[in-house]
Amino acid sequence: MTGAAGTGAGQLAPPGTGGVAVLVNSLNAVGADKRVLMIGAHPDDEDTELLAILSRGLGAQTAYLSLSRGEGGQNLIGPELGPELGVIRTEELLAARRLDGARQFFTRAYDFGFSKTAEETFRFWPRDSLLKDVLEVIRRFRPQVLVSIFSGTPRDGHGQHQVAGALARQAFEILKDSSWGPVKLYRSARFDSAGTTLTLQGGRLEPVTGQSFHQLAMAGRSRHRSQDMGQLQQSGPSVVRLALWDTRAGRGTGDGDGLFAGVDTTLQGRAHYVTLVDSARAVLNPLHPDALVPLLARALTALGNGTGTVDMEQRTLLSQALAAAAGVEIDGVVDDGIVVGGQRVQVEATVWNAGASGARLDDVQLTAPAGWAIEKQDQPSGAFGGGAVATRRFVVTVPADAERSQPYFLRRPPLPVGSLYDWSTVPPEVRGLPFEPPLLQLEVRVTIAGASVTLTREVSYRYRDQADGEVRRPLLVDCAFDVALTPHLIVWPSDGPASGPRQFTVTVTNRTRGAAVAELTLAAPRSWTGLPPHTLTFGHEDESRSETVTLALPATVQPGVVHLRAGAGRPGARRCEDASVVIDYPHIRPRPVVHPSAVEIHVARIALPALARVGYVRGAADRVPEALAAVGVAVEVLEADSLARGSLVRYDAIVIGSRAYETDPALVANNGRILEYARGGGLVIVQYQQYPFIQGGFAPYPLALARPHDRVTDEAAPVTLLDPGAPVFHVPNEIGLADWQGWVQERGLYFAHDWDPAYTPLLEMHDPGDPPLRGGLLVSHVGKGTYVYTALAFFRELPAGVTGAYRLFANLLALGK
């Protein structure tokens with residue numbers, strides 16, 4: 001497995017009780033039943049300030065339901081798009097929730113990209129399916145109050161936003177008259193002062209951190225790094241606005257005493273318990289938390305062993321508070337971070353009574369998936385006094401057929417109808433959660449001051465890094481031999497100089513402990529020459545071996561798609577035919593995603609202009625340089641030094657990647673050199689940019705973008721050539737109707753809305769019912785050279801292997817000739 005960047009150590013921290021923060025937050029949340037569910041369409045739609053106020057301030061059990069995981073968005077921190085971006089954005093939501101204290105849920109919806117209407121969105125997201133998921137989350141979480149981020153009307157803009165608002169309203173209508181259903185429905189009035197019926201103050205200080213709820217919220221907002229959401233943490237007053245939308249008949253009318261006016265938040269039959277909790281809050285002393293132990297123990301006993309959702313949550317929170325007050329800490333580590341089927345690993349559990357009083361260790365259990373064998377090595381119980389550490393050991397055997405680690409929602413292909421994940425084999429208790437539970441978890445029962453406390457913690461792998469110190473990683477299951485075949489997709493011209501042989505790399509990593517032998521095979525279609533099976537020998541775990549394979553197109557090859565597959569395994573044993581890639585950034589927890597060990601080869605008729613060298617400034621989540629290089633274009637990625645001091649006249653063309661003016665400071669600083677290159681006779685192709693490009697005046701002639709920006713979301717939208725005789729449609733490829741077929745997700749975005757007469761528009765297209773847009777491809781003469789601005793989504797089309805996009809891009813590169 002490979003990591004993109006960073007260790008992710010901050011997401012799997014060393015053990016601790018949580019200290020005063022756990023005490024304050026837990027005591028704030030127990031003793032009442034206050035529950036709020038917020039509903040939006042995407043990660044980063046949520047109102048983090050409201051979540052912080054409700055959870056950290058009002059002590060409410062609060063959650064955010066995002067219909068999708070944001071797979072259709074863009075990525076400002078790395079190359080991941082689609083499902084992998086959804087994994088990143090899910091983790092970014094969890095990073096934000098760790099700050100604001102709320103929980104996180106999802107539906108099966110896959111973000112298929114920008115949509116302009118609710119009607120279009122419901123064609124991709126079947127209404128009944130999503131409504132079922134929303135209702136299931138509400139039934140599980142049991143909120144008394146719903147908060148919809150969106151109104152469900154066209155003023156929400158994005159069609160997926162409209163759908164989120166409509167479903168929130170419909171779910172409330174269905175459940176509001178049930179005995180347990182939500183009592184009140186609010187909508188965000190973030191930009192609607194006139195419609196506001198309730199205001200909450202986010203400028204108040206949260207006592208544990210010493211920051212305001214607004215500041216905490218902006219820190220959480222900044223966790224959405226892939227979406228360029230970094231925020232300033234302004235001090236001072238801050239107001240959150242809500243509009244009361246609907247109430248249950250005879251209940252919850254008005255906002256009287258706030259969000260929960262008219263809502264019964266008492267714990268029925270728990271008066272003694274509530275009194276004890278109130279007393280604990282009153283005597284809390286951060287310097288002597290152990291003084292709370294008798295009160296919290298009595299409160300836990302008074303709560304009893306009820307099995308309802310509220311009782312179980314109260315017990316969990318109070319148990320955490322009691323353990324923190326008493327100074328009881330648990331931890332579990334495993335001796336290997338990546339395991340394979342049939343492997344045995346050692347787990348060590350420790351329970352530390354760091355407090356001054358005695359406690360009794362009643363039981364230490366290790367939970368694992370079905371089929372995993374667990375052997376206890378020690379007796380699990382016994383009294384242990386203040387300062388003592390109890391250690392228990394387990395041996396765990398991984399079943400031979402253990403599934404490889406990856407998010408539960410990616411284990412099966414999407415459903416054939418609609419953009420929905422297939423959860424049919426997912427346990428009901430896992431559906432809608434961000435991810436499945438950890439593979440191994442400790443469950444420790446301790447008696448403190450006569451009260452039984454159950455504590456849980458994930459078992460992780462830890463090691464010492466000479467620079468970072470202790471680093472923790474999640475336990476993952478992999479195949480015995482991880483097989484990666486690159487590149488994953490190429491477009492291969494079927495004739496001409498670019499049709500020559502291509503090289504592919506097969507990398508096999510030994511995941512078994514110790515030495516191993518693997519047989520490597522490469523399967524090619526009939527008439528292609530594959531790699532004869534041969535043996536790879538490994539001396540130790542995690543050792544990798546790479547083989548380079550050169551293939552040539554068969555003489556009889558026809559345009560179409562073929563697949564090249566690789567596999568490795570012990571002789572006579574099951575072969576591994578997948579590669580695990582760990583998505584790993586410092587601000588999120590590492591998550592593995594499994595890719596088939598295969599290359600998708602698109603054989604196509606593509607003519608390339610005679611170019612010696614093309615310079616490329618990489619943009620956001622930009623895999624276009626690799627796509628162009630694979631098809632035969634001689635591409636050099638321009639780094640900061642080349643942009644500042646290198647000879648640009650060496651290049652036949654310079655291509656600027658999408659959003660590069662936001663991600664590359666060297667490009668911004670040296671844009672004058674790019675324009676000088678164009679004036680001297682060069683060709684500059686600028687792929688879509690956002691408002692900073694316009695505000696900076698980086699184009700040679702004025703351009704303007706609309707707000708919201710013009711885009712064509714229908715990937716099959718008809719295209720009209722405004723100047724059919726223009727060379728860009730003929731040289732070196734004749735662009736026809738077929739070249740506009742098979743595009744993915746969208747035609748383009750951030751179309752120019754207004755432009756100087758020096759630009760010539762060459763294309764017209766639009767979504768159904770929208771006015772024609774002509775700002776998708778603009779060409780101008782600059783001095784002796786040529787400057788192109790294109791809003792076409794080449795950053796999606798080329799990595800997806802869309803042949804027509806390659807042919808058109810080749811023609812753009814030919815404009816300099």
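The values are calculated or read from the model by the stated rules, or taken from the named source; none is laboratory data. Fair warning: this is a prediction, and the values are worked out from it, not measured in the lab. Cβ: placed from backbone, ideal geometry, glycine included. Neighbour counts: every protein chain shown. Accessible surface is based on the protein model in full, side chains and every heavy atom, while ligands, DNA and RNA are left aside. Shrake-Rupley method; radii C 1.70, N 1.55, O 1.52, S 1.80 Å.
Key figures
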| read-out | value |
| --- | --- |
| Set ALA63, ALA32, ALA52: member being in contact with a Leu (Cβ under 7 Å, 6 or more places away or on another chain) and in a loop (DSSP other than H, G, I, E, B) | ALA32 |
| Every residue from region 164-213 that is of a type in the set (Gly, Ala, Ser), farther than 17 Å from VAL147 by Cα and modelled with pLDDT of 95 or more | GLY203, SER212 |
| Any chance PHE172 is touching a Lys or Arg at 6+ places or on another chain (Cβ under 8 Å) and either of a type outside the set (D, E, K, R) or in a loop (DSSP other than H, G, I, E, B) (or both) | no |
| Enumerated strands (runs of 3 or more DSSP E) restricted to region 745-812, each holding at least 1 residues that are of a type outside the set (Phe, Trp, Tyr) and over 34 Å from the mean Cα position of the chain (by Cα) | 759-761, 763-765, 777-782, 785-790 |
| The one condition in (1) modelled with pLDDT under 95; (2) part of a helix (DSSP H, G or I) that SER319 fails to fulfil | (1) |
| Hey, ALA758 open to solvent by less than 10 Å² (accessible area, probe 1.4 Å), touching a residue at least 12 places away in the same chain (Cβ under 8 Å), aliphatic (A, V, I, L, M) and closer than 28 Å to VAL649 by Cα or not | no |
| Residue satisfying all of: in region 607-632; over 19 Å from ALA793 (Cα atoms) and assigned to a loop (DSSP other than H, G, I, E, B); farthest from the chain's Cα centre (by Cα) among these | ALA610 |
| Enumeration of residues in region 166-184 that are under 26 Å from LYS116 (Cβ atoms) and in contact (Cβ under 8 Å) with a residue 40 or more places away in the chain | ALA166, LEU167, ALA168, ARG169, ALA171, PHE172, GLU173 |
| Test: residue in region 578-599 that is farther than 30 Å from ARG97 by Cβ, open to solvent by 50 Å² or more (accessible area, probe 1.4 Å) and in a loop (DSSP other than H, G, I, E, B) | no |
| Complete set of residues in region 389-436 that are open to solvent by less than 30 Å² (accessible area, probe 1.4 Å), touching a strand residue (DSSP E or B) at 6+ places or on another chain (Cβ under 6 Å) and hydrophobic (A, V, I, L, M, F, W, C) | ALA390, PHE394, VAL395, VAL396, VAL398, ALA402 |
| Answer residue from region 497-537, given it is in a loop (DSSP other than H, G, I, E, B) and modelled with pLDDT of 90 or more and is surrounded by the most Cβ atoms within 10 Å (Cβ to Cβ) among those | ARG511 |
| Lone qualifier among GLU92, GLU84, GLU46 - being surrounded by fewer than 24 Cβ atoms within 10 Å (Cβ to Cβ), within 23 Å of VAL430 (Cα to Cα) and in contact (Cβ under 8 Å) with a residue 60 or more places away in the chain | GLU84 |
| Scope region 107-135; condition closer than 22 Å to GLU797 by Cα, open to solvent by less than 20 Å² (accessible area, probe 1.4 Å) and assigned to a helix (DSSP H, G or I); matching residues | THR121 |
| Residue count, region 335-393 (criterion: among the hydroxyl-bearing types (Ser, Thr, Tyr) and part of a strand (DSSP E or B)) | 3 |
| Residue check, ARG445 surrounded by 15 or more Cβ atoms within 10 Å (Cβ to Cβ), at pLDDT 95 or above, closer than 30 Å to GLY16 by Cα and out of contact with any Leu (no Cβ under 6 Å at 6 or more places or on another chain) | yes |
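Okay, residues lined up against (1) within 17 Å of GLN104 (Cα to Cα); (2) among the basic types (Lys, Arg); (3) part of a loop (DSSP other than H, G, I, E, B); (4) in contact (Cβ under 8 Å) with a residue 40 or more places away in the chain:
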position: SER405; (1), (2), (3), (4): no, no, yes, yes
position: ARG412; (1), (2), (3), (4): no, yes, yes, no
position: VAL417; (1), (2), (3), (4): no, no, yes, yes
position: PRO427; (1), (2), (3), (4): no, no, yes, no
position: VAL430; (1), (2), (3), (4): yes, no, yes, no
position: PRO437; (1), (2), (3), (4): yes, no, yes, no
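Residues checked against (1) farther than 30 Å from GLU84 by Cα; (2) out of contact with any Pro (no Cβ under 7 Å at 6 or more places or on another chain); (3) open to solvent by less than 70 Å² (accessible area, probe 1.4 Å); (4) small (Gly, Ala, Ser):
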site: PHE141; (1), (2), (3), (4): no, yes, yes, no
site: SER151; (1), (2), (3), (4): no, yes, yes, yes
site: ALA168; (1), (2), (3), (4): no, yes, yes, yes
site: THR196; (1), (2), (3), (4): yes, yes, yes, no
site: MET229; (1), (2), (3), (4): no, yes, yes, no
